[in-house]
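Colleague: Take a look at this one; I'll ask things after.
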Amino acid sequence: MDKSKRAAVIAGNWKMNMTPSQTTAFINELAPKVAGLDGCKVVLCVPFVDIAPAVEAAKGTNIEIGAENIHWEAKGAYTGEISGAMLSECGVKYVIVGHSERRQYFGETDVTVNARVKAGLANGLKVILCVGETLTEREQGVTYETVARQTKIALLGVSAEELKNVIIAYEPVWAIGTGKTATAEQAEEVCAAIRGVLADIYCEKCAEATTIQYGGSMNAKNAEELLSMKNIDGGLIGGASLKSDDFTVIVKAAQ
Ligand code: PEP
């Protein structure tokens, strides 16, 4: 399948940034800049308390709102967590699962990532599943094994039909928030390998239809080159998604 037939998705990951009032102001500023740029989906994944103002501010625009995590249970004694029903009732359309910061600082494992992926899908959300190697794993030559393991376990029990609502974000951990970007060739190589894993566990057609993003210090300067690669269908953007001009340049690069 030719890349132009896959959905291009540029998603911001705000992490722990922006208050509710800043959220409204940011979306009001961003919306006219990305209006009419329909060659890719424009998504902002925001902190839980920013979801309601974000959804409200994004009404009538081409910006869709996502969350940064989801719990696997429908409800119960899980202090600090959030359920799929809570997210979808608030108008959330996307959810990030398995971000390396969740894996690194909050004890997420491949198994909990799998449970969260399934919860997102069961609640009708599009899941942005993050995978990526650490610097040590890259230096030890186990990049492919690492992303293959993360992808396979995260997708256990996910059907080919459900895979249509999964976006894979390849995010080398050493490139996140560090200003060090993978070269376009390095990013392309791993994104192509992930597509190969999807072909193995599902089918060639399923793999060809899946959107694979690159994430890791993507910015206004390097976006065009990264997004020109055959297997890179979009970006998951941290730092640069907090600046409306930079984020707009990235959205334009994906057109
Ligand atoms: C991210 O948090 O997913 C990310 C890619 O961050 P940054 O763009 O800041 O490296």
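The values are calculated or read from the model by the stated rules, or taken from the named source; none is laboratory data. The shown structure was predicted, so the numbers you read here are calculated from the model rather than taken from an experiment. A quick note on method: Cβ atoms are made from the backbone with ideal geometry, for glycine too, and the neighbour counts reach across all protein chains shown. Ligands, DNA and RNA are stripped out before the accessible areas are found, and what is left, the full protein with its side chains, is counted by its heavy atoms. Shrake-Rupley method; radii C 1.70, N 1.55, O 1.52, S 1.80 Å.
Colleague: Quick check on this structure: which one of Glu68, Glu89, Glu73 is among the acidic types (Asp, Glu), in contact (Cβ under 8 Å) with a residue 40 or more places away in the chain and open to solvent by 70 Å² or more (accessible area, probe 1.4 Å)?
Modeller: On the way: Glu68 fails: open to solvent by 70 Å² or more (accessible area, probe 1.4 Å); Glu89 fails: in contact (Cβ under 8 Å) with a residue 40 or more places away in the chain.
Result of the check over Glu68, Glu89, Glu73: Glu73.
Colleague: Can we say Thr178 is touching a residue at least 40 places away in the same chain (Cβ under 8 Å) and open to solvent by 10 Å² or more (accessible area, probe 1.4 Å)? Please lay out each step first, then the result.
Modeller: On the way: touching a residue at least 40 places away in the same chain (Cβ under 8 Å): no; open to solvent by 10 Å² or more (accessible area, probe 1.4 Å): yes.
Answer is no for this residue.
Colleague: Since Lys205 meets every condition but one in (1) of a type in the set (D, E, K, R); (2) within 16 Å of the ligand (Cβ to nearest atom); (3) open to solvent by 50 Å² or more (accessible area, probe 1.4 Å), which condition does it not meet?
Modeller: (2)
Colleague: Please enumerate the residues belonging to the stretch 1-17 that are hydrophobic (A, V, I, L, M, F, W, C), surrounded by fewer than 23 Cβ atoms within 10 Å (Cβ to Cβ) and within 12 Å of the ligand (Cβ to nearest atom).
Modeller: Initial filter on the stretch 1-17 (hydrophobic (A, V, I, L, M, F, W, C)): 1, 7-11, 14, 16.
From the residues that got through so far, the ones that are surrounded by fewer than 23 Cβ atoms within 10 Å (Cβ to Cβ) too are 1, 7-8, 14, 16.
Once the filter is applied, which keeps residues that are hydrophobic (A, V, I, L, M, F, W, C), surrounded by fewer than 23 Cβ atoms within 10 Å (Cβ to Cβ) and within 12 Å of the ligand (Cβ to nearest atom), the stretch 1-17 yields Trp14, Met16.
Colleague: With the checklist (1) more than 16 Å from the ligand (Cβ to nearest atom); (2) touching a strand residue (DSSP E or B) at 6+ places or on another chain (Cβ under 8 Å); (3) open to solvent by less than 60 Å² (accessible area, probe 1.4 Å); (4) of a type outside the set (Gly, Ala, Ser) in hand, flag the one item Leu37 doesn't pass.
Modeller: Single failed check for Leu37: (2).
Colleague: Please pick out the residue among Ser241, Ser217, Ser228 that is modelled with pLDDT under 95 and either more than 15 Å from the ligand (Cβ to nearest atom) or within 14 Å of the chain's Cα centre (by Cα) (or both). Spell out how you get there, then give the answer.
Modeller: Working: Ser241 fails: modelled with pLDDT under 95; Ser228 fails: modelled with pLDDT under 95.
Unique residue meeting the criteria: Ser217.
Colleague: Related question: Would you point out the residue of the stretch 102-125, among those that are within 16 Å of the ligand (Cβ to nearest atom) and open to solvent by 50 Å² or more (accessible area, probe 1.4 Å), that is nearest to Asn13 (Cα to Cα)?
Modeller: Among them, the one singled out is Arg102.
Colleague: Here is a follow-up. Take the conditions closer than 19 Å to Ala8 by Cβ, modelled with pLDDT of 95 or more, open to solvent by 30 Å² or more (accessible area, probe 1.4 Å) and more than 11 Å from the ligand (Cβ to nearest atom) and apply them to Lys152. Does it pass?
Modeller: Details: closer than 19 Å to Ala8 by Cβ: no; modelled with pLDDT of 95 or more: yes; open to solvent by 30 Å² or more (accessible area, probe 1.4 Å): yes; more than 11 Å from the ligand (Cβ to nearest atom): yes.
When the stated conditions are applied, Lys152 does not pass them.
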